[in-house]
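Contents: one structure, followed by commentary.
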Amino acid sequence: TQLLEQSPQFLSIQEGENLTVYCNSSSVFSSLQWYRQEPGEGPVLLVTVVTGGEVKKLKRLTFQFGDARKDSSLHITAAQPGDTGLYLCAGAQAAGNKLTFGGGTRVLVKP
Amino acid sequence: NAGVTQTPKFQVLKTGQSMTLQCAQDMNHEYMSWYRQDPGMGLRLIHYSVGAGITDQGEVPNGYNVSRSTTEDFPLRLLSAAPSQTSVYFCASSYRQGPSWGTEAFFGQGTRLTVV
């Protein structure tokens with residue numbers, strides 16, 4: 001049983017559409033991170049959220065940390081083919097370095 | 001900039017063989033870790049180290065050994081490979097920080113291991 005559940009597992013959309021990926025847990029996290037991974041590469045950090053209710057924007061990507069620090073969402077506006085990849089959420093509990101990863105959401109943006 | 005370097009990138013082993021996956025980082029990070037990635041399961045922590053001479057088990061440590069003799073290197077050893085260890089392995093490093101805020105993990109490019 002995974003501590004962090006991501007949904008959906010797979011998302012296929014047309015260029016220009018919006019999408020939202022969810023990351024949920026019954027546990028509280030001191031911080032939560034989102035990574036993107038491309039084929040043949042390791043994950044690369046997109047954002048870290050640390051405060052309950054926090055919202056961060058990175059160009060067309062909006063990240064939100066739930067008020068109770070148990071869940072997070074990633075929203076992409078007007079998706080582009082370059083957004084294609086595997087999106088992973090990762091939470092840290094007591095010690096900041098030890099990360100627990102969700103199962104990942106594979107996003108395909110078709111031109 | 002090298003960052004985190006993993007070798008080899010690909011490896012095929014026969015059941016029962018042993019091997020060492022190498023990981024080196026040049027960022028002077030105290031914290032290093034090994035993950036395995038299987039379809040639909042994200043990344044699962046195998047072992048981690050908070051500094052030279054200190055290692056600890058993660059979520060799925062069975063069948064794997066690690067050591068940390070230097071800050072830079074964190075090799076992962078498979079003592080007797082099994083088909084269940086077929087996976088993609090990632091090494092990561094980060095600065096060591098406190099519990100109140102997250103720290104960025106830097107990942108290597110991965111080692112794709114097949115055990116037949």
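Laboratory data are not the source of any read-out in this text; all were calculated from the coordinates shown. Keep in mind that this is a model prediction, so the values were computed, not measured. Heads up, the Cβs are rebuilt from the backbone with ideal geometry, glycines too, and the neighbour counts pull from every protein chain shown.
Near A:Gln14: Cβ cut-off under 14 Å, other residues only, Lys/Arg at +1 and Asp/Glu at -1. The net charge is -2. As an equivalent ellipsoid, the range B:36-100 spans semi-axes of 22, 16, 10 angstrom, where each value is the square root of five times an eigenvalue of the C-alpha gyration tensor, largest first.
With the largest listed first and rounded to whole Å, the semi-axes of the equivalent ellipsoid of chain A from the Cα gyration tensor are 23, 15, 12.
Within the shell defined by Cβ-Cβ distances under 15 Å, the residues around B:Arg68 carry a net charge of -2, with Lys and Arg each +1 and Asp and Glu each -1.
Spread over its residues, the convex hull of the C-alpha atoms of the protein assembly as shown is 118 Å³ per residue.
Electrostatic bookkeeping for B:Trp34 treats Lys and Arg as +1 and Asp and Glu as -1; over the other residues with beta carbon under 13 Å from its beta carbon, the sum is +2. Among all the lysines, which ones have a C-alpha under 19 Å from A:Lys56's C-alpha, if same-chain residues fewer than 8 places away are not counted? By straight Cα distance, A:Lys56 reaches A:Lys70.
Beyond 29 Å between alpha-carbons counts as too far, so tell me which of A:Lys57/A:Lys98; A:Lys59/A:Lys110; A:Lys59/B:Lys9; A:Lys98/B:Lys9 fall in that bin. Long pairs (Cα-Cα over 29 Å): A:Lys59/B:Lys9. Expressed as a fraction of 2.2 N^0.38 Å, the C-alpha radius of gyration for chain B is 1.02.
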